[in-house]
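Student: Following this message is one structure expressed as structure tokens.
The values are calculated or read from the model by the stated rules, or taken from the named source; none is laboratory data. As the structure is a prediction and not an experimental result, all values here were calculated from the model. Here the Cβ positions follow ideal geometry from the backbone for every residue, glycine too, while neighbour counts run over all protein chains shown.
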Amino acid sequence: MHNRKLGPFQVSAIGLGCMNLSHAYGAPVSAEQGERVLLSALDAGVTLFDTATLYGFGANETLVGRVMKPYRQKFTLASKCGMQGVDVNGDGKLVRVIDGRPATLRKTCEDSLRRLQTDVIDLYYLHRWDKTVPIEESVGALGELVRKGYIRSIGLSEVSASTLRRAHAEHPVAALQTEYSLWTRNPEIAVLDACKELGIAFVAFSPVGRGFLCGTLQDVSTLHATDIRRSMPRFAPDNYTANLQQLTAVSQVAKDMGCTPAQLAIAWLLHRGDHIIPIPGTTSLSHLAEDLEAANVSIDAATIAKLDRLISQHTVVGSRYNAQSNSEVDTENF
Ligand SMILES: NC(=O)c1ccc[n+]([C@@H]2O[C@H](COP(=O)([O-])OP(=O)(O)OC[C@H]3O[C@@H](n4cnc5c(N)ncnc54)[C@H](OP(=O)(O)O)[C@@H]3O)[C@@H](O)[C@H]2O)c1
């Protein structure tokens, strides 16, 4: 697979999102399956692995650390801080909390390093901007971690172009990670251009629309009770049915091109700019192989224009986040 620039690193054009091995879309996979997916990705040439303190409340970092430790020199390791599980009620139950205070970020980094079994994290993102803390303070704390050698570079997630510029003025930002796909176009407003101008890589999360763009998830009532998509408006049954209708034509485009809808979705992102790095997530070896093959799919300008007519923020039914999650991001909600 060809490489793309991410801060000081050259990484595979498609990275692996490790989240759903431990978190988010139903029950976590077995340790053995998690190991198989991670090692198959490495074998297939993936050199960017994305995890976070939040995922499985530490379990995902622990999995990545255990499995990937012997290969640590072969890939760029990305993790995140600023959003984690906290026992707020003292009853042993962890609740997701956004906390961007410098002392918290320093402590979280120590915990990440221990779980990841490494001396240094290549790219450490602020997972969410804690709006009660000026962005300069949180980013300043991450800059201190760079100077101390605990992390090599800084990223942000789900922030607007203006917040990105403020952060970048405080300390160089290597990457911005934000949701971007055929059905989530808000980065096109300003932040994609800001990244390009500032030389910041844009890491596209949920590139296959959390499964929607693959065409395989037909019935949302089959989702696991704990699946976070159940709380997302565009996965609500009526909205989802309407969205699936739009996918028929998109799938036909993929068929005409001789690829799968998932490959079309990932290839579309790769064609939107050289600074864009999609990180699909999967628990399945066959889906992994399928997704990585997208690096070899070419899309011409006429097809890009056709896709713009078939699916975009103007056609999709339902916002991507519910009100609570939306209040936690610094980006537009579509
Ligand atoms: N910064 C943030 O706030 C944030 C938020 C969300 C995610 N992320 C990162 O982005 C990564 C990817 O995002 P994501 O997992 O939310 O969304 P995604 O990659 O768009 O979609 C993952 C879903 O699609 C399915 N899938 C993947 N490839 C498939 C294929 N070829 N055919 C059929 N189904 C397929 C997976 O199911 P199977 O397991 O069955 O393949 C899974 O349910 C995460 O792992 C995480 O690292 C970051």
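Student: From the set of residues in the range 96-112 that are small (Gly, Ala, Ser) and surrounded by 19 or more Cβ atoms within 10 Å (Cβ to Cβ), which is farthest from ASP130 (Cα to Cα)?
Tutor: By that ranking, first place goes to SER112.
Student: Out of the range 76-99, which residues are in contact (Cβ under 8 Å) with a residue 40 or more places away in the chain and touching a helix residue (DSSP H, G or I) at 6+ places or on another chain (Cβ under 8 Å)?
Tutor: Result: LEU77, SER79, CYS81, GLY82.
Student: Right, another one. I'd like to verify a number: residues in the range 1-30 that are within 12 Å of the ligand (Cβ to nearest atom), in a loop (DSSP other than H, G, I, E, B) and in contact (Cβ under 8 Å) with a residue 40 or more places away in the chain, how many?
Tutor: Qualifying residue count for the region: 9.
Student: With the requirement that a residue be away from the ligand (no atom under 13 Å from the Cβ) and of a type in the set (A, V, I, L, M, F, W, C), what does the range 266-303 give you?
Tutor: Result: LEU270, ILE276, ALA295, ILE299, ALA301, ALA302.
Student: Could you run through the range 172-194 and say how many residues are out of contact with any strand residue (DSSP E or B) (no Cβ under 6 Å at 6 or more places or on another chain), under 15 Å from GLY155 (Cβ atoms) and more than 14 Å from the ligand (Cβ to nearest atom)?
Tutor: The number of residues fulfilling the criteria is 2.
Student: If you take the residues in the range 104-149 that are assigned to a helix (DSSP H, G or I) and polar (S, T, N, Q), which one is nearest to ASP330 (Cα to Cα)?
Tutor: By that ranking, first place goes to SER138.
Student: Continuing with this model, one more query. Within the range 269-290, is there a residue that is hydroxyl-bearing (Ser, Thr, Tyr), modelled with pLDDT under 95 and surrounded by 16 or more Cβ atoms within 10 Å (Cβ to Cβ)?
Tutor: No; the residues of the range 269-290 include none that is hydroxyl-bearing (Ser, Thr, Tyr), modelled with pLDDT under 95 and surrounded by 16 or more Cβ atoms within 10 Å (Cβ to Cβ).
Student: Name the single residue that is nearest to GLY85 (Cα to Cα) among those in the range 36-53 being assigned to a loop (DSSP other than H, G, I, E, B) and either near the ligand (Cβ under 9 Å from one of its atoms) or not polar (S, T, N, Q) (or both).
Tutor: So the residue we want is ALA52.
Student: What's the number of the only condition in (1) more than 30 Å from ALA174 (Cβ to Cβ); (2) assigned to a loop (DSSP other than H, G, I, E, B); (3) among the hydrophobic types (A, V, I, L, M, F, W, C) that ALA305 fails to meet?
Tutor: It fails just one condition, (2).
Student: From the list GLN73, GLN33, pick out the single residue that is in a helix (DSSP H, G or I) and over 20 Å from ASP122 (Cβ atoms).
Tutor: Step by step, each of GLN73, GLN33 is checked, and only GLN33 is in a helix (DSSP H, G or I) and over 20 Å from ASP122 (Cβ atoms).
Student: Checking THR248 against (1) assigned to a helix (DSSP H, G or I); (2) touching a residue at least 60 places away in the same chain (Cβ under 8 Å); (3) not small (Gly, Ala, Ser): exactly one of these is not met. Which one?
Tutor: Of the numbered conditions (1) assigned to a helix (DSSP H, G or I); (2) touching a residue at least 60 places away in the same chain (Cβ under 8 Å); (3) not small (Gly, Ala, Ser), the odd one out for THR248 is (2).
Student: Something else about it: Counting only residues that are outside any loop (DSSP other than H, G, I, E, B) and either more than 10 Å from the ligand (Cβ to nearest atom) or charged (D, E, K, R) (or both), how many does the range 207-240 have?
Tutor: Number of matching residues: 14.
Student: Considering only residues that are surrounded by 16 or more Cβ atoms within 10 Å (Cβ to Cβ) and within 16 Å of the ligand (Cβ to nearest atom), which ones fall in the range 113-134?
Tutor: ARG115, LEU116, ILE121, ASP122, LEU123, TYR124, TYR125, LEU126, HIS127, ARG128, TRP129, ASP130
Student: Has the range 241-251 got any residue that is within 11 Å of the ligand (Cβ to nearest atom) and either out of contact with any Gly (no Cβ under 8 Å at 6 or more places or on another chain) or modelled with pLDDT of 95 or more (or both)?
Tutor: no
Student: Which of the residues spanning the range 61-83 are away from the ligand (no atom under 13 Å from the Cβ) and not basic (Lys, Arg)?
Tutor: Listed by number, the residues that qualify are THR62, GLY65, VAL67, MET68, PRO70, TYR71, GLN73, PHE75, THR76.
Student: A further question on this structure: Outside any helix (DSSP H, G or I) and in contact (Cβ under 8 Å) with a residue 60 or more places away in the chain: is that true of ILE277 in this structure?
Tutor: Judged against the criteria, ILE277 is a match.
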